[in-house]
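A short worksheet on the structure shown next.
Bear in mind these aren't lab numbers, they're just calculated from the coordinates by the rules spelled out. Worth saying up front: this structure is predicted, and the values here are computed from it rather than measured. Cβ placement follows ideal geometry from the backbone for every residue including glycine, while neighbour counts extend to all protein chains displayed.
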Amino acid sequence: MIEPVYSPSPSRYDAMEYRRSGRSGVKIPVLALGLWHNFGSHKPLRDIQAMAHYAFDKGICHFDLANNYGPEYGTAEENFGLLMERSFRPYRDEMLISTKAGWDMWPGPYGNWGSRKYLMASLDQSLRRMKLDYVDVFYSHRWDPETPLEETMQALVDIVRQGKALYVGLSRYPAEQARVAYRYLAAHDVPCLLYQDRYNIIDRVPQCSGLIDLCEESGTGFISFSPLQQGLLTGRYLNGVPADSRMAKGVFLKEEMLTPTMMEALHGLNALAQKRGQSFAQMALSWLLQDSRVCSVIIGASSVAQMEDNLKSLDNLAFSQEELRLIDSLSAPVQLR
Ligand code: NDP
C-alpha cells in the first residue's frame with residue numbers, strides 16, 4: 001500500500017476553540033489562516049505546505065483566500081489547489097475554505113468590483129484553481145458604489161443556489177450598505193455567514209462604526225483580518241526593519257509608519273505583553289479574542305515559527321480592566337483610521 005503523503009495529527013481538535021458564526025449552524029476556529037501574502041508563486045511549495053499542514057494539525061481548519069492572493073494574482077489559489085491534490089483532499093469535509101472577488105483581477109470592465117458578471121466568472125476560475133467543486137464561503141470582497149447592491153447580493157444568492165458556495169460573506173462594506181445587504185440576503189434565505197474587516201489594537205473602526213454590533217444584531221459572525229496590522233503589532237519592527245519582512249517589501253506596509261509616536265506605542269504595548277507573559281503578537285491576538293463578539297481572527301504568517309507563537313495567544317485570553325485601559329491609552333495616539 002502507498003503511504004499517504006500527509007497524515008494529520010489525531011489530536012488536531014484538542015486545543016483549538018471554535019466559535020459559532022453569528023446565528024448559523026457553523027463553528028469556526030478562533031484562528032484562521034489567511035493566504036494573502038505568503039502562499040503565492042514567490043514562496044517554495046515546501047514552505048507553503050509546511051505552514052498549511054501545521055495549521056490543520058493544530059485545528060486551524062479555516063483557510064481564507066481570494067482570487068487575487070499571491071503574488072502573482074491567482075497563485076495562492078493555485079498552490080492551495082496543489083495542496084488539495086497532494087494532501088488535503090481526504091479531509092475536505094473537515095475544512096472551511098473561503099474565497100472572494102471584488103478587487104482588480106483581470107483587465108477590462110468585467111474583472112473588478114461587484115457585478116454579477118465578475119462574481120460568477122471569478123468564482124468559476126477560483127474553483128478551477130483550487131481544484132474544488134465548491135467553496136464554503138464566497139465573499140463580495142468590497143462594496144461597489146456603482147453596481148446596484150441588489151445585483152451583487154442576487155449574484156451571491158444564485159451562487160449558493162448553484163451549489164458553488166455553501167454560504168456567503170461580505171468584506172469591508174460600510175455599515176449602511178451592510179445593513180441593507182444583510183436584509184436582502186436573509187430575505188432570500190441566504191443569510192450572511194461572515195463579515196470580514198480589519199480590526200486590531202490600532203484600527204478600531206469596526207467597533208466605532210457599529211459594524212460589530214450590526215453583525216450581532218443581524219446574526220452574522222464578525223471575523224477580523226490583519227489582526228497584527230500586517231506584523232506591526234509584533235516584535236518584528238521594535239529594533240528596525242528586518243530584510244525579510246513585509247515592511248521591507250514596502251508595498252502594503254510602509255516604513256513611514258514607524259514614527260516616534262508609533263515606536264513609543266509599540267514599545268509600551270510590548271512591555272505590557274511581557275508583563276502578561278506573552279509575546280507582543282500573542283497579546284494582540286488575545287486582545288481581539290477576549291471579545292466574544294469576535295468569532296475568529298485571520299492570521300497571516302510567513303513561517304511555522306510565527307504560527308506557533310500566534311497559537312499560544314489562546315493560552316491567555318483574560319485581561320484585567322486595568323490592562324484593557326492601558327492598551328486603550330497606549331494605542332490612542334496611533335489609531336490608523
Ligand atoms: P497579520 O496582521 O496577521 O499579518 C501577518 C504578518 O505579520 C506576517 O506576514 C508576518 O510578517 C507577521 N507576523 C505574523 N505572526 C507573527 C509573529 N508571531 N511574530 C512576528 N511577526 C509575525 O495578517 P495579514 O495582514 O497577513 O492578513 C491576514 C489575512 O486576512 C490575509 O491572509 C487574508 O486572508 C485576510 N485579509 C483580508 C482582507 C480583505 O480585504 N478582506 C485584506 C487583508 C487581509 P512578515 O511577513 O514580515 O514575517
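Tabulated values for the structure
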| read-out | value |
| --- | --- |
| Set of aspartates and glutamates with alpha-carbon distance to LYS58 below 17 Å, sequence-local pairs under 8 removed | ASP14, GLU17, ASP47, ASP93, GLU94, GLU308, ASP309, ASP315 |
| GluC sites (Glu not before Pro) within segment 1-106: DSSP coil, no more than 14 neighbouring Cβ in 10 Å | GLU17, GLU72 |
| Backbone HN-Hα couplings from phi across segment 144-160 [Karplus 6.51/-1.76/1.60, Hz, Gly and Pro as x] | 10, x, 9, 8, x, 4, 4, 5, 5, 5, 5, 4, 4, 4, 5, 4, 5 |
| For a label point 7 Å along the Cα-to-beta-carbon line of ARG183, residues of segment 191-219 with backbone N under 17 Å | 191-192, 211, 214-219 |
| Least to most buried among VAL157, VAL241, VAL135 (fewest other Cβ within 10 Å first) | VAL241, VAL157, VAL135 |
| Sequence-distant residues sharing a close amide H with THR220 (under 5 Å, placed H) | ARG23 |
| Cleavage-rule hits (trypsin sites (Lys or Arg not before Pro)) in segment 231-265: DSSP loop, at most 15 neighbouring Cβ within 10 angstrom | LYS254 |
| Least to most buried among CYS192, CYS295 (fewest other Cβ within 10 Å first) | CYS295, CYS192 |
| Karplus (6.51, -1.76, 1.60) ³J(HN,Hα), θ = phi - 60°, over segment 25-42, in Hz, Gly and Pro reported as x | x, 9, 9, 10, x, 5, 10, 10, 9, x, 10, 4, 10, 10, 10, x, 5, 7 |
| Ranked packing of 5-15, 297-307, 261-271, most packed first, by mean Cβ within 10 Å | 297-307, 261-271, 5-15 |
| nm² value of the averaged projected area, convex hull over the Cα atoms of segment 132-252 | 9.3 |
| In order through segment 217-222: 3J(HN,Hα) via Karplus (6.51 cos²θ - 1.76 cosθ + 1.60), integer Hz, x for Gly, Pro | 4, 8, x, 9, x, 9 |
| Per DSSP, loop GluC sites (Glu not before Pro) in segment 144-237 with at most 12 further Cβ within 10 Å | GLU146 |
| 222 nm mean residue ellipticity, helices alone, for the chain (DSSP H n ≥ 4; -39,500 (n - 2.57); rounded to 500) | -11000 deg cm²/dmol |
| Selected from PHE222, PHE88, PHE39 as most flexible by GNM, with the chain as the system and alpha-carbon contacts under 10 Å | PHE88 |
| Virtual spin-label span in nm between TYR134 and ARG86, 7 Å along Cα→Cβ | 2.8 |
| Rg followed by Dmax, in Å, when segment 252-318 is reduced to its Cα trace | 13.0, 34 |
| Label-point separation in nm, ARG20 to ASP328, each point 7 Å along Cα→Cβ | 2.9 |
| Distance histogram for the chain (every C-alpha pair counted, 20 angstrom bins, percent rounded to whole numbers) | 31, 60, 9, 0 |
| Net charge of neighbours whose Cβ lies under 12 Å from the Cβ of LYS275, counting Lys and Arg as +1 and Asp and Glu as -1 | -1 |
| Volume of the Cα convex hull of segment 27-143, divided per residue and given in Å³ | 97 |
